[in-house]
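Taking it in order: structure first as structure tokens, then the write-up.
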């Protein structure tokens, strides 16, 4: 289980740190949009849509990294005062009762929506927009899948903490 957890953590690290660079790309694309619009009176729907795509990729591939780094919202005034063992219990139960059911539900509910988009190779509603809406919609399934994987890693780490404390 420890090797699985290490593999998932490594994957989350690589994806999170790699896709974090897209923040810089998004700023640069936004700067180009503003310069083109206000200096040259040129508008580009494709560039504007690319900002949406980049933003989606940042969140999609950063969500598992954020969970691994304990960056998601929680009530820290209570959590930080707990012992390591109690924090492990909170993480373990939170993963079992909330994270896993939520991610599985999102995947289940969105599967048809995304598959229809792939079936018709959905593109932008705008004539000069990006033709890859079906790829963007795939992020709806990738995000909970990565979150579920990282949740499994967090679960195994919490379980290891609880087992370690129980041994003499």
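Among residues of the range 73-99 that are over 22 Å from residue 163 (Cβ atoms), those with a Cβ under 9 angstrom from a residue that is surrounded by 13 or more Cβ atoms within 10 Å (Cβ to Cβ), sequence gap 6+ or separate chain, pair up as 74/90; 74/94; 78/90; 80/87. No other residue among 46, 56 is buried (at least 16 other Cβ atoms within 10 Å of the Cβ) and assigned to a helix (DSSP H, G or I) apart from 56.
Does any residue of the range 27-41 turn out to be assigned to a loop (DSSP other than H, G, I, E, B) and over 23 Å from residue 147 (Cβ atoms)? Scanning the range 27-41 turns up at least one residue that is assigned to a loop (DSSP other than H, G, I, E, B) and over 23 Å from residue 147 (Cβ atoms).
Is one or more of the residues making up the range 123-132 modelled with pLDDT under 95, out of contact with any helix residue (DSSP H, G or I) (no Cβ under 9 Å at 6 or more places or on another chain) and either over 23 Å from residue 45 (Cβ atoms) or surrounded by fewer than 18 Cβ atoms within 10 Å (Cβ to Cβ) (or both)? There is at least one residue in the range 123-132 that is modelled with pLDDT under 95, out of contact with any helix residue (DSSP H, G or I) (no Cβ under 9 Å at 6 or more places or on another chain) and either over 23 Å from residue 45 (Cβ atoms) or surrounded by fewer than 18 Cβ atoms within 10 Å (Cβ to Cβ) (or both). Criterion applied to 76, 91, 112 was being exposed (fewer than 12 other Cβ atoms within 10 Å of the Cβ) and at pLDDT below 95, and the one residue passing it is 76.
The values are calculated or read from the model by the stated rules, or taken from the named source; none is laboratory data. What you see is a predicted model; the values in this text were computed from it and never measured. Every residue, glycine as well, gets a Cβ built from its backbone with ideal geometry; the counts of neighbours run over all protein chains shown.
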